[in-house]
1. By the gyration tensor of its Cα atoms, with a ≥ b ≥ c the square roots of the eigenvalues, what is the shape of the range 30-134: rounded for a/c under 1.5, prolate for a/b over b/c, or oblate?
2. Taking all protein chains together and a probe of 1.4 Å, list 44, 216 from the most accessible to the least accessible.
3. In whole Å, what are the extents of the range 71-187 along the principal axes defined by its C-alpha atoms, from largest to smallest?
4. Give, rounded to the nearest 20 debye, the magnitude of the charge dipole that the chain has about its Cα centre when Lys and Arg contribute +1 at Cβ and Asp and Glu contribute -1 at Cβ.
5. Keeping to pairs on different chains or 8 or more places apart, tell me how many lysine pairs in the range 1-116 have Cα atoms under 29 Å apart.
6. For the chain, what is the calculated [θ] at 222 nm in deg cm²/dmol (nearest 500), taking -39500 (n - 2.57) for each run of four or more DSSP H residues and dividing by its residue count?
7. Can you give me the Rg/Rh ratio for the range 1-63, using Cα atoms for both radii and the Kirkwood formula for Rh?
8. With all protein chains present, calculate the accessible area of residue 374 using a 1.4 Å probe and round the result to the nearest 10 Å².
Amino acid sequence: MNILLLGSGGREHALAWKLAQSRLLSGAEDKFFAAPGNPGIAEHAECVALDAGDHAAVAAFCDVNRIGLVVIGPEAPLVDGLGDTLRGEGISVFGPSKAAAQLEGSKGFTKDLCERAGIPTAGYVRTSSLAEATNALDKFGAPYVLKADGLAAGKGVVIAPTRAKAAEALTGMFSGVFGGAGTEVVIEEFMEGEEASFFALTDGATILSFGGAQDHKRVGDGDTGPNTGGMGAYSPAPVLTPMLRGEVLEKIIVPTVKTLADEGMPYSGVLFAGLMLTEEGPKLIEYNCRFGDPECQVLMMRLEDDLGELMLACADSKLSSCPPVKLRNETALTVVMAANGYPGTPEKGGAIEFGEAEEDGAKVFHAGTSRGQDGTLRASGGRVLNVTALGANATEAQAKAYAAVDAIDFPSGFCRKDIGWREVERETGRAKQ
Ligand code: AMP
Ligand code: GLY
């Protein structure tokens, strides 16, 4: 079969690496394309210049190249309905429809769905009026949680410590700092607890658990400094005990999938639930309609199954014939190496040399790289590399990942030195007992 993967980040490099091992691509005639891809993805797929925003061009490419499966990595083309256009052409697509992708595309949509389905989440007010939003602040008190409704490249959430700062942030949202994403807002009750992510594959009827992960969103060691897309992640997340995973499935994932199907917008693809583990049990923070980045990188390191076959089964509503997803019983941990300046203005063009980083089984996924005219590898984004390793536990995976980081020469880059600290601390505490 011919496969097209859309995207260009570390998540897509991990998907490309795993898809390249699929039986779907094992025939001499099978072709694997990626658009636009990156130098890491180019080791597995033929990278082509295609704009995922141009639905007609993607459909035409699929037609000419007899593409049997399209895998959509990032959220923007999903929220924009690319999946619907391609399905309309009879192509199998991994990723939800435009209607179902509202789970990520509209925070208000998800909160209303939680209310209809009785899914545990923070109390909220959804409004497009600044006056009503300002009044809603007093309903929940400090700290204030304000969210722009639409996609805002991960920047649409403000947690304000004081009412004055919250009111100021609301004024900014309504005056367009997040573009169209902020013309409607959600004000939420603040939830306390530890955060974890849970992933599930679904074709709208069958649900397969895809494991848990935890990431580090702040740029600095000790979880300090501004928010980023994620500076590192690990999987599994033992805080998500088997009992909690069961509760998440039963109280959050199953009712979401069922309600969307009952309401005529069945969800197909990967459902990524951001959770707060509160004293009252797990509650939904938000949904994403795609794999997390960098959570995907650690999940792919652990996946023992054929990713292509799983994605095709999802796309073709045949997940009921698949056995439970098998993940290695090891910990995978990834450290993001970012360009100096990230998450502000990252320095572009810095030279990168891998050295012997991959010698001991570590895997370096390309997130924001390009090749210079002379073939040398250069930084071309904020998050540049995802240095990923497997170990018997988080402590071992962390040591291996940082050994690989040390082997990389990337003078204009930096990384956090403490990815996985919560889990490593818990493991150290257990070892001392
Ligand atoms: P997001 O950018 O949507 O992933 O949200 C950013 C972060 O804001 C989340 O990872 C949480 O740390 C925090 N957050 C969002 N909603 C709440 C809430 N209701 N209570 C506490 N923290 C929240
Ligand atoms: N790492 C969080 C995300 O992909 O949204």
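1. Working: a/c = 2.70, a/b = 2.43, b/c = 1.11.
Note, shape of the range 30-134 comes out prolate.
2. Values: 44 55, 216 5 Å².
Ranked from most to least accessible, the order is 44, 216.
3. Largest to smallest, the principal-axis extents are 52, 32, 20 Å.
4. On the way: 39 positive and 58 negative charges, 82 e Å.
So the dipole magnitude of the chain works out to roughly 400 debye.
5. Value for the range 1-116: 5.
6. Details: 14 runs with 129 residues, N = 433.
The helix contribution divided over the chain gives -8500 deg cm²/dmol.
7. Dividing the radius of gyration by the Kirkwood radius yields 0.96.
8. 110 Å²
The values are calculated or read from the model by the stated rules, or taken from the named source; none is laboratory data. Fair warning: this is a prediction, and the values are worked out from it, not measured in the lab. Counting neighbours? That spans all protein chains shown, and the Cβs are built from the backbone with ideal geometry, glycine included. Heads up: the accessible areas ignore ligands, DNA and RNA and are worked out on the full protein's heavy atoms, side chains in. Shrake-Rupley method; radii C 1.70, N 1.55, O 1.52, S 1.80 Å.
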